[in-house]
Amino acid sequence: MKKYLLLVLCSFLLLCSKNDNEDIYTYEFFDNSQLSITQIDGSSMKYGTISTGDDLVFKYSFIADDEEKIADDEYAEFIHFEVDSNLDSFLIEGYSIRNCKNHFNKILFLLFS
């Protein structure tokens, strides 16, 4: 299991670099888990939930630096994906993400007038 974590951490670190602001990047690994994707009633909005299961779930989180002088500039994004725990290794790139259970959630403030 350590090789999965190392593989994901190295991949994400190469893809994302932290700049001088206070953006927060987190990379989490959940063994014996499953990813559930829930749709909010009466909406097209969905979110991912990690619970006990038989697979491996990975979660990437990005929370943008909040500029105090700018009202409602909050932004965050989350990527969850689940893979079979029996795999010795895996590679997800490009559209191959479609071959596993996954969810991308973007949270931002939008003002509609």
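Read the figures in this text as sums done on the coordinates, not as results from a lab. Remember, predicted model here, so these are calculated numbers, not experimental data. Counting neighbours? That spans all protein chains shown, and the Cβs are built from the backbone with ideal geometry, glycine included.
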| said: Taking the alpha-carbon distance from LYS59 and a cut-off under 12 Å, which aspartates and glutamates remain once sequence neighbours fewer than 8 residues away in the same chain are dropped? | reply: GLU28, ASP31, GLU77, GLU82
| query | Which order, highest average first, do 78-88, 35-45, 49-59, 96-106 follow once you tally other Cβ atoms within 10 Å for each residue and take the mean per peptide? | reply | 49-59, 78-88, 96-106, 35-45
| request: Would you mind calculating the gained length between GLU74 and ASP88 on full extension (0.36 nm times residue separation, minus the Cα-Cα distance), in nm to one decimal? | output: 1.2 nm
| task | Please list, in chain and number order, the residues 5+ apart from ASP23 or on another chain whose amide H is under 5 Å from its amide H, with Hs placed from the backbone. | result | ASP65
| field | FRET efficiency estimate (nearest 0.05) - Cβ-Cβ, ILE97 to ASN32, R0 30 angstrom | value | 0.85
